[in-house]
1. Quick check on my filter: what residues within the range A:46-66 are away from every other protein chain (no Cβ under 12 Å), outside any helix (DSSP H, G or I), touching a helix residue (DSSP H, G or I) at 6+ places or on another chain (Cβ under 9 Å) and not acidic (Asp, Glu)?
2. Starting from residues that are closer than 27 Å to residue B:154 by Cβ and charged (D, E, K, R), keep the ones in the range B:26-68 and report whichever is most open to solvent (accessible area, probe 1.4 Å).
3. Name the residues in the range A:93-120 that are in a helix (DSSP H, G or I), more than 26 Å from residue A:20 (Cα to Cα) and open to solvent by 40 Å² or more (accessible area, probe 1.4 Å), would you?
4. Report whether or not residue A:123 is within 13 Å of another protein chain (Cβ to nearest Cβ), at pLDDT 95 or above and either under 30 Å from residue B:68 (Cα atoms) or outside any strand (DSSP E or B) (or both).
5. Can you tell me which residue within the range B:44-82, out of those that are under 20 Å from residue A:36 (Cβ atoms) and basic (Lys, Arg), is nearest to the other protein chains (Cβ to nearest Cβ)?
6. Report, ordered by the first and then the second residue, all pairs with beta carbons closer than 6 Å, sequence separation of six or more or different chains, a first member in the range A:31-55 that is under 24 Å from residue A:65 (Cβ atoms), and a second member that is of a type in the set (Asp, Glu).
7. Given the conditions (1) assigned to a loop (DSSP other than H, G, I, E, B); (2) among the polar types (S, T, N, Q); (3) over 19 Å from residue B:96 (Cα atoms), report the number of the one that residue A:69 does not fulfil.
8. Has the range A:79-90 got any residue that is closer than 28 Å to residue B:163 by Cα and more than 14 Å from every other protein chain (Cβ to nearest Cβ)?
Amino acid sequence: MAYSEKVIDHYENPRNVGAFDKNDPSIATGMVGAPACGDVMRLQLKVNDDGIIEDAKFKTYGCGSAIASSSLVTEWVKGKSIDEATSIKNTDIAQELALPPVKIHCSILAEDAIKAAVEDYKSKRK
Amino acid sequence: MITNYFDLFNLPEQFDIDLQKLKAQYQLLQKITHPDRFVNASDQEKRLYLQKNAQVNDAYSVLQSPVKRGEHLLSLRAYKLADEQQTMGDTDFLMQQMQLREQLAEAESSSDFAALESDINDLTTHYIEQVRSQLATQTDDANHQAAQTLTKLKFLLKLESEAQLRKEQVLEDD
């Protein structure tokens, strides 16, 4: 099965790989895993006082589509508010990267990573 | 209605099974249902035994694997297993998985791999023991916990096979 050019681009030049200090109050961390393929994804958002995502980093162990999905998401969430970020759907990711049906779960993983990070942000603000 | 593979293999319906007996039963059932025995049978009978033979093979692969065996037990209890596509969000477990993945990515020597394999083995043993007692309990709660433990074991199995693959690549280059 051939990867789309966009997947290959993100896979070969992943954007925003790395980590923030998860104990920093402005950092929201989302961890998700896909049991079917064993992929593990960590997405971290740096959120300013106005609730805007200033920066994002990810680390993913998984296939090219999982890496591309998380890399794309770090680009998309920057400059968005927390609420806007949660409106990103896996179908948007799958469409942008032209993921085949068997790789849709990679985009679901990326969407769930955003949700998990937002949950972490909200629990830290309490 | 799902077929009870434990019944098919004449084994008690529980997580711990006698693997010797499983193998012996498999060889017996294989022999009984083998297509070669039915060259002179009618097409209908052939089809029937071919199906039976395929079922024996499926059942054997399920009962051999602790994770699949555990999931089969849960299915027999009418527990609805999560969709394969569903993600899991146990942060502590996933953090640990991430650490082990990093350890694997950095492993270079045979002692690095040995240390990693021993960590993976310890965790696998731990979760196997956990799922054994959860499945023995047979309450809704325990079934749910067992399903979660089986999910964790899937990650460990995947990690184990990736570690094996990488070890072969890395150590071969030396």
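The values are calculated or read from the model by the stated rules, or taken from the named source; none is laboratory data. All of these numbers come straight from a predicted model, not from anything done at the bench. We place every Cβ from the backbone using ideal geometry, glycine too, and count neighbours over all the protein chains shown. For accessibility, only protein heavy atoms count, side chains too; no ligands or nucleic acids. Shrake-Rupley method; radii C 1.70, N 1.55, O 1.52, S 1.80 Å.
1. Hits for the range A:46-66 are A:47, A:51, A:52, A:53, A:56, A:57.
2. Among residues in the range B:26-68 that are closer than 27 Å to residue B:154 by Cβ and charged (D, E, K, R), the one most open to solvent (accessible area, probe 1.4 Å) is B:68.
3. Those that are in a helix (DSSP H, G or I), more than 26 Å from residue A:20 (Cα to Cα) and open to solvent by 40 Å² or more (accessible area, probe 1.4 Å): A:95, A:96, A:101, A:102, A:104.
4. So residue A:123 does not fit the description; no.
5. By that ranking, first place goes to B:68.
6. A:32/A:112; A:36/B:84
7. (1)
8. Of the range A:79-90, the ones closer than 28 Å to residue B:163 by Cα are none.
No, the range A:79-90 has no match at all.
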